[in-house]
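Worksheet: one structure, shown below.
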Amino acid sequence: MLRSLLLSLLIGAGLAQAGEAPRLVQRDGRHALLVDGKPFLILGAQAHNSSNYPAALGPVWAAALDLKANTVLMPVAWEQVEPEEGRFDFSFVDTLLQQARQQDKRLVLLWFATWKNTSPQYTPAWVKLDPKRFPTMLDKDGKPSYCLSPFGAETLKADQRAFVALMSHLKRIDARQRTVLMVQVENEVGTYGLVRDFAPAAQAAFEQPVPAAVLARQKPKLAASGTWREVYGDYADEYFHAWAIARYIGQIAAAGKAVYELPMYVNNALRNPLEQPPKPWANNFSSGGPSWDVIDIYKAAAPALDVVSPDLYSPESVQIEANLRLFQRPDNALWIPEFGSKPAYGRFIYAMLGRGAIGVSPFGIDYFNYSNHPLGTQATNQTLVEPFERVYRLFAPIQRLWAQWAFDGKTRGIAEADDRQPQQLDFPGWTAKLSYRLGRFGETSWGGEFAKPAAGTEEPHGGAAMAQIAPDQFILIGQRVRVRMEPAEGTQGLMLRVEQGQFDDAGRWVMERVWNGDQVDWGLNLPAEPVMLRITMARPR
Ligand code: DGJ
């Protein structure tokens, strides 16, 4: 009691030792989120949109506990922290942090303000009721859109002031313990149904030359410089809107970081990643959002935003693979703050973590009596978390190790594709060949029952993630997959030993059994409940 009183006095006076700030680092094009100075893997659980009240937290912690998540992603709404202009109430944030610490969870806070899924629904009433001061966008005929304008100078000022108040409050209550790891600024921004703002201030900006910072990153299409139309032709309206929104959010993020520096990111309602090359906006996605084709505009206009991240709600494996590829860049860490809660998404965690994502989080991990079906599962009880817990269970005890291996470029991962075809993971010197729908004994070439797909494989649920922890040694985590290790082309090699086991708290391997005989003769057949194997390969002299 006395100790905590003393501590809060010291913190108030700015004297207590601040904890090391979470930060993103990049090396050789790979990324890590450093927490307490070491790579950290976010095994996240995102709560529902209306769970940001003290009375709603119980079902969130229960689901996060069942999932074995280490981090909860939770909205903080402008309407709740500034119900009257200039009067701030952070009591929910206080309760949230207190309970998160009791639950031994970290937090990512989601700032729902000017835009939440493009709409102003989370702004306070005093914003909603004053469209003169807080204008919406206008179409070509001067008709208002539902969406607040990124040229609303007063809106920006007010949102930024509230965000700075939030970050100042976080600094006061969390600079020592560092429960909050990152902050998402706004939520799925952009505009549906209108490509950009046509109000006079916006139009005047549209007719200005494209800023040099944008030209340097977003490849010009028609002319090396000039107005947005001259440089980007049919793409000009969408690109301009992306720039306007990015600049707006970037200023909010920068002001927040100036008082309390934490990694900040934006999330994204995706455009179709398979439309290649991407066509100009045709009313088919939210214009101006950070879709993959305008990541460079966001980087140019909003350097305070560290990451642009995809929200994955199309479970087709080709879509997911394409999005992971498009959002993982040397200048953009892969971070998936949302994906659907249907069981089909579980296997993609292997692909995300194997690729070196700094974290993942299914959406709606919350026993609140609400389901966002058909985006997510209908289940609102423990059945909801099972497909994800199955995978988290294996990664949770080694999350620090895995994050370090990923940062060092040692990991690969993949999910069973919808076409169920074999795949491979290539490592220096060795290749892992993966196949699906097989039983745990024998070969399909033998015909009869051996040729039939194994029971329980009607839907694709396979996946594998591997780390090459020494030149000839691998950790394999996976489910519903047959793995055969082969020497890289033109070399010789054999599988010397396979152990099933786990790592202890000190990061030492603890062997439980050696897999041999039936367990290796037909490849390594990983069952529906994932296992961890340590595979030692060798090259006979
Ligand atoms: C994506 C949004 O970012 C979430 O907040 C939520 O609205 C889901 N869509 C749908 O449940």
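So here's what we get for this one:
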| item | result |
| --- | --- |
| Matching entry among Q121, Q102 (being surrounded by 14 or more Cβ atoms within 10 Å (Cβ to Cβ) and out of contact with any helix residue (DSSP H, G or I) (no Cβ under 6 Å at 6 or more places or on another chain)) | Q121 |
| Strands (runs of 3 or more DSSP E) contained in the range 272-362 and holding at least 2 residues at pLDDT below 95 and more than 17 Å from L24 (Cβ to Cβ) | none |
| Filter pass, S145 being in contact (Cβ under 8 Å) with a residue 24 or more places away in the chain, over 29 Å from L43 (Cα atoms) and among the polar types (S, T, N, Q) | yes |
| So E499, is it in a loop (DSSP other than H, G, I, E, B) and within 30 Å of Q404 (Cα to Cα) | no |
| Every residue from the range 312-340 that is more than 16 Å from the ligand (Cβ to nearest atom), surrounded by 22 or more Cβ atoms within 10 Å (Cβ to Cβ) and of a type in the set (V, I, T) | none |
| Where V294 falls short, out of the listed (1) among the β-branched types (V, I, T); (2) under 17 Å from the mean Cα position of the chain (by Cα); (3) more than 16 Å from the ligand (Cβ to nearest atom) | (2) |
| Scan of the range 78-113 for residues that are free of Cβ contacts under 8 Å to residues at least 60 places away in the same chain, touching a Phe, Trp or Tyr at 6+ places or on another chain (Cβ under 9 Å) and in a strand (DSSP E or B), ordered by number | E84 |
| Test for V210: is it crowded, with 17+ Cβ neighbours inside 10 Å, of a type outside the set (D, E, K, R) and either within 16 Å of the ligand (Cβ to nearest atom) or under 18 Å from G288 (Cβ atoms) (or both) | yes |
| Cross-chain or 6+ apart pairs with Cβ under 7 Å, the range 305-324 first and closer than 29 Å to Y248 by Cβ, then small (G, A, S) and away from the ligand (no atom under 16 Å from the Cβ) | L305/G250; L305/A253; V307/A333; L324/A351 |
| Looking only at the range 368-386, and only at residues there that are crowded, with 21+ Cβ neighbours inside 10 Å and not polar (S, T, N, Q), the one that is nearest to the ligand (Cβ to nearest atom) | G376 |
| Flag if D426 is touching a residue at least 12 places away in the same chain (Cβ under 8 Å), of a type outside the set (G, A, S) and either under 24 Å from D331 (Cβ atoms) or within 16 Å of the ligand (Cβ to nearest atom) (or both) | no |
| Of all residues in the range 114-134 being more than 15 Å from the ligand (Cβ to nearest atom) and in a loop (DSSP other than H, G, I, E, B), the one that is farthest from the chain's Cα centre (by Cα) | K132 |
| Unmet requirement for A56, which otherwise passes all of (1) of a type outside the set (F, W, Y); (2) surrounded by fewer than 21 Cβ atoms within 10 Å (Cβ to Cβ); (3) more than 16 Å from the ligand (Cβ to nearest atom); (4) over 23 Å from I252 (Cα atoms) | (3) |
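The values are calculated or read from the model by the stated rules, or taken from the named source; none is laboratory data. Source: prediction; values computed, not measured. Cβ sites come from the backbone with ideal geometry, for glycine too, and all protein chains shown count toward neighbours.
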